1. Filter segment 293-315 down to residues that are within 18 Å of the chain's Cα centre (by Cα) and of a type in the set (S, T, N, Q) and give me whichever is surrounded by the most Cβ atoms within 10 Å (Cβ to Cβ).
2. Can you tell me which residue in segment 167-215 is nearest to GLU57 (Cα to Cα), limited to those that are charged (D, E, K, R), in contact (Cβ under 8 Å) with a residue 40 or more places away in the chain and not in a strand (DSSP E or B)?
3. Mind listing whichever residues of segment 102-134 are more than 22 Å from GLU144 (Cβ to Cβ) and among the β-branched types (Val, Ile, Thr)?
4. Kindly establish whether PHE286 is open to solvent by 60 Å² or more (accessible area, probe 1.4 Å), in contact with a helix residue (DSSP H, G or I) (Cβ under 6 Å, 6 or more places away or on another chain) and in contact (Cβ under 8 Å) with a residue 24 or more places away in the chain.
5. Looking only at segment 135-161, count every residue that is open to solvent by 10 Å² or more (accessible area, probe 1.4 Å) and part of a strand (DSSP E or B) and tell me the total.
6. Could you list, in sequence order, the residues of segment 104-134 that are surrounded by 17 or more Cβ atoms within 10 Å (Cβ to Cβ) and among the hydroxyl-bearing types (Ser, Thr, Tyr)?
7. Looking at (1) within 14 Å of LEU254 (Cα to Cα); (2) outside any loop (DSSP other than H, G, I, E, B), which one does PRO283 not meet, given that it meets all the others?
8. Filter segment 37-68 down to the residues that are farther than 17 Å from LEU156 by Cβ, out of contact with any strand residue (DSSP E or B) (no Cβ under 6 Å at 6 or more places or on another chain) and part of a loop (DSSP other than H, G, I, E, B) and list them by number.
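The values are calculated or read from the model by the stated rules, or taken from the named source; none is laboratory data. Everything numeric in this text was worked out from a predicted model, so none of it was measured. Note that each Cβ is placed from the backbone with ideal geometry, even for glycine, and that neighbours are counted across all protein chains shown. These accessible areas exclude ligands, DNA and RNA; they are computed on the full protein's heavy atoms, side chains included. Shrake-Rupley method; radii C 1.70, N 1.55, O 1.52, S 1.80 Å.
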Amino acid sequence: MKTFSSILVALTMGIILSSCESDGTTADSSKPKARGSIGEIILVIDSVKWAGPVGEELKEIFESDIPGMIRSEAKFKVNTVDPRAMTRMLKMSTNLIYVTTFDDKGSASQAINAQFSKESKEKAMNDTNIYSLRMEDEYAIGQEVLYLFGNTEDQLIANLKKNGDRLQNLFEVRERGRLEKILLARKNSAAASEAKKNLGIEINVPASYQVAKSEDDFLWVRQITPSGNRADISLFFYETDYKSEEQTFPANILNLRDSITKQHIFGDPEDPTSYVVTEKQIPPAFRNMVINDNFTTEIRGSWKTNNVSMGGSYLGYIMVDQKKGKLYYIEGFVFYPNEIHRDALREIETILLNTNVSWNEDQGA
C-alpha cells in the first residue's frame, strides 16, 4: 500500500563501518535468516548509559505507552544487551540498535566504537548532525541494524530528541511490513466481496477471519479464539454520507462510533441489550493524517460493554472520500483479558491500513 513508505534516517555522509564490505554487495545468501518476534528490538548499549539521560530518551522513543489504553503498554518490546555480551545468536536478531558515544572510554561502549573506522569517527566529529547509520542484512537476511552515536552524550541526546519520531516510525513501518507478509498471505475473499457489495470499498482481511454480520453500509468480521493463545479480534467497516467537516471532530467521531456499536456490535449473543460502548475513563487519543489522498483521523482508545461484562482496546480510522461524498469509519477492537494487546493492535493497524475506501467498480477485483 502506498502509505507504507520507508523513512531513511541514516545520514551516512560517506560513513563506512570498518566491518562492512567495500564492494557494495547487499544480500548474502550464505547468511542465516534473521530471528525475532514482531515488535521486538535488541538494544545494545552500556548499562550505565541505559540507566542515564541517553537511556531515558531512548525509552521515550521506543518504550513510550500506546495512547488511549487503560493499562500501560509499550509500543515495542525492548531487550537491552551489554555490547560485550553479544553472541552470534543475538547478532541474528531482526531488529538491532547499537548505541554509543565516542568519548565514552568504558569497555562496553568501546566494544561498539571499535566497529567504526577512524574516518567514520572523524566525519562524525566534524558534523554534529550525523548521528545514525542504518544497515540492512549486516549479520542476517531480513535484518535491520541501526547505529545511534554522538561525540558526547549531550550531542546524542539532542539528535534523539530532534529525530525521535522518525526513529520510531522507521521501526513501526518496518514491523507492519513484516506482519503484512504473514497476515495477508491468505485472504478471505468472501469478506472482500461483501465489502465491495455493501460498502463499495476494498478490504484485505486474513483468511482466519470470519464474516459475523453483513448488511447495507456495514460489515463485521471476527477472528474468534477458543483458547487463550491468541486475542479475539473484531473488525468492522461502516459507510455514511459525508455532509460537513464537523463529522470529523473528535466528539462527533465518538458519537458515531457509539451509535454504530450500539446498533451492530453485541457483547453477549444471549443478551440483546448488551452492546459495545466507548470507555470514558481514559480519553481516546486522536491523530490526523492523510491516507491515499483522503483526510483521515486515527483514534485509539478502550471499550467496554454497557453492562461492564467485557472490555478491551480498539484502533479506528475515520476517512473522508470527497469524490464519492462518503465518510467511512473502520475499526478493530480486541478482547483479551489480562494479556498484552500490543501485538493485536499492530495486527489491526496492518489490516486496516490495507483498506482502500476510494475503490470503485472500474478498478475490478
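1. SER313
2. My answer is GLU172.
3. Residue satisfying the conditions is THR128 alone.
4. Numbers: open to solvent by 60 Å² or more (accessible area, probe 1.4 Å): yes; in contact with a helix residue (DSSP H, G or I) (Cβ under 6 Å, 6 or more places away or on another chain): yes; in contact (Cβ under 8 Å) with a residue 24 or more places away in the chain: yes.
Criteria met by PHE286.
5. 3
6. SER109, SER120, TYR131, SER132
7. Evaluating PRO283 over (1) within 14 Å of LEU254 (Cα to Cα); (2) outside any loop (DSSP other than H, G, I, E, B) leaves (2) as the failure.
8. Within segment 37-68, SER37, ILE38, SER64, ILE66 meet the criteria.
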